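Participant: The structure under discussion is supplied below as structure tokens; questions concerning it will follow.
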Amino acid sequence: MKTRNFIPYLILIIMAAINTSFGDKTKGPKIKEENISYTVDGTVYKGFVAYDENLKGKRPAVLVVHEWWGLNAYPKMRATQLAKLGYIALAVDMFGNGKVATNPTEAQAYTAAFYSNPKLSKTLVDAAVDKIKEFKQTDPKNILAIGYCFGGSVVLNAAKMGTDFKGVVSFHGGLKGVPANKDLLKAKILVCHGGGDKFISQDDVAMFKHQMDSIGAQYTFIAYPNATHAFTNPMSTENGKKFNMPIEYNKTADMNSWNDMKKFFKELGLK
């Protein structure tokens, strides 16, 4: 073989050695998804965990708390999206045994206990935090939470009651909840609110902001024009028609709120 023809083969050999030693940086995410379970006060809770196997070392963890429908495909999809961003994510089962509501009547029955006893939310959220910390991929100093509708209210309440989150994001979540307490609230907060949400009154918005301001909380409140309740869920338009509810999917608000979440996380010093 002539010398000039040998050089390309030598380059290929060297590049292969580099990739073997340091990993191929051109590889995309390899998302690992797994169903997990844990027990709280005798009830089994069935969560869903997602993370990128191609990433090495510990990373921030994000809890994803579902809408009042329960742990269906939607929050699992969000967990997978977060895994692709470099987080480990746990989509939480708040109802136990993987129960999912098929209509508003069931959903109201499943969520009623949490509204009458907000401490129940914190108990289950704290158990989910403990579970995600069992994964070797989790950085226990960087735990976050996001929640949708019912789940938004859950993560806000848990943070206000002292769960040690670095940050929480509520997407079209309820804003009443428990009173804010400066001695308990550790997390920074982002609220992504639908400007056309008929379930959350302007009085609720004003009261939430007043509570946050009164304790000097670090929070950001963003209202997306013309966005209704449940604006991030692609199934909302169909559910709104099916159950005669004033909800619909808003693609622009969905994309903008997701980007605002990513910006918020970056401002926290994360991904």
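Participant: Would you be able to say whether some residue in the range 136-148 is assigned to a helix (DSSP H, G or I) and modelled with pLDDT of 95 or more?
Facilitator: No, because not a single residue in the range 136-148 is assigned to a helix (DSSP H, G or I) and modelled with pLDDT of 95 or more.
Participant: Determine the pairs where a residue that is closer than 15 Å to Gln81 by Cβ, located within the range 250-271, has a partner that is assigned to a helix (DSSP H, G or I) with Cβ atoms under 7 Å apart, the partner being 6 or more residues away or on another chain.
Facilitator: Filtered contacts from the range 250-271: Lys271/Phe265.
Participant: In this structure, is Thr163 buried (at least 23 other Cβ atoms within 10 Å of the Cβ), of a type in the set (Ser, Thr, Tyr) and not in a helix (DSSP H, G or I)?
Facilitator: Against the criterion (buried (at least 23 other Cβ atoms within 10 Å of the Cβ), of a type in the set (Ser, Thr, Tyr) and not in a helix (DSSP H, G or I)), Thr163 qualifies.
Participant: Mind checking which residues of the range 166-183 are buried (at least 23 other Cβ atoms within 10 Å of the Cβ) and at pLDDT below 95?
Facilitator: Gly177
Participant: Among (1) in a helix (DSSP H, G or I); (2) surrounded by 15 or more Cβ atoms within 10 Å (Cβ to Cβ); (3) of a type in the set (Gly, Ala, Ser), there is one condition Ala217 misses while meeting the rest; what is its number?
Facilitator: (1)
Participant: Being of a type in the set (Ser, Thr, Tyr) and outside any helix (DSSP H, G or I) is the filter here; which residues of the range 182-214 pass it? So that I can check it myself, show each step before the final result.
Facilitator: We begin by selecting, within the range 182-214, every residue of a type in the set (Ser, Thr, Tyr); these are 201, 214.
Of everything in the range 182-214, just one residue is of a type in the set (Ser, Thr, Tyr) and outside any helix (DSSP H, G or I), namely Ser201.
Participant: Is it fair to say Ile189 is within 20 Å of the chain's Cα centre (by Cα), β-branched (Val, Ile, Thr) and buried (at least 19 other Cβ atoms within 10 Å of the Cβ)?
Facilitator: So Ile189 passes the test.
Participant: Which pairs do you get when a residue that is under 17 Å from Lys160 (Cα atoms), found in the range 117-137, comes within reach of a residue that is assigned to a helix (DSSP H, G or I) and not small (Gly, Ala, Ser), reach meaning Cβ atoms under 8 angstrom, with the pair 6+ apart or on two chains?
Facilitator: Going by the 8 Å Cβ cut-off, the qualifying pairs are Pro118/Asn157; Leu120/Phe114; Ser121/Phe114; Ser121/Val154; Ser121/Asn157; Lys122/Asn157; Val125/Val154; Val125/Val155.
Participant: Give all pairs with beta carbons closer than 6 Å in which a residue from the range 231-242 that is under 13 Å from Phe171 (Cβ atoms) and among the hydrophobic types (A, V, I, L, M, F, W, C) meets a residue that is surrounded by 13 or more Cβ atoms within 10 Å (Cβ to Cβ) and modelled with pLDDT of 95 or more; count only pairs at least 6 apart in sequence or on separate chains.
Facilitator: Cβ pairs passing all conditions: Phe231/His172; Phe231/Gly194; Phe231/Asn250; Phe231/Ala253.
Participant: Do we have any residue at all in the range 87-107 that's modelled with pLDDT of 95 or more, buried (at least 20 other Cβ atoms within 10 Å of the Cβ) and of a type in the set (Val, Ile, Thr)? Outline the logic, then answer.
Facilitator: First, pick out the residues of the range 87-107 that are modelled with pLDDT of 95 or more: 87-107.
If we keep only those that are buried (at least 20 other Cβ atoms within 10 Å of the Cβ) as well, we get 87-95, 107.
Next cut, of a type in the set (Val, Ile, Thr) only: 88, 92.
There is at least one residue in the range 87-107 that is modelled with pLDDT of 95 or more, buried (at least 20 other Cβ atoms within 10 Å of the Cβ) and of a type in the set (Val, Ile, Thr).
Participant: Sort out which residues of the range 235-258 are among the aliphatic types (A, V, I, L, M) and either on the phi > 0 side of the Ramachandran plot or surrounded by fewer than 16 Cβ atoms within 10 Å (Cβ to Cβ) (or both), and write them in order of number.
Facilitator: Selection gives Met255 alone.
The values are calculated or read from the model by the stated rules, or taken from the named source; none is laboratory data. Since this is a predicted model, take the numbers as computed values, not measurements. Ideal geometry is used to build each Cβ from the backbone, glycine not excepted, and the neighbour counts take in all protein chains shown.
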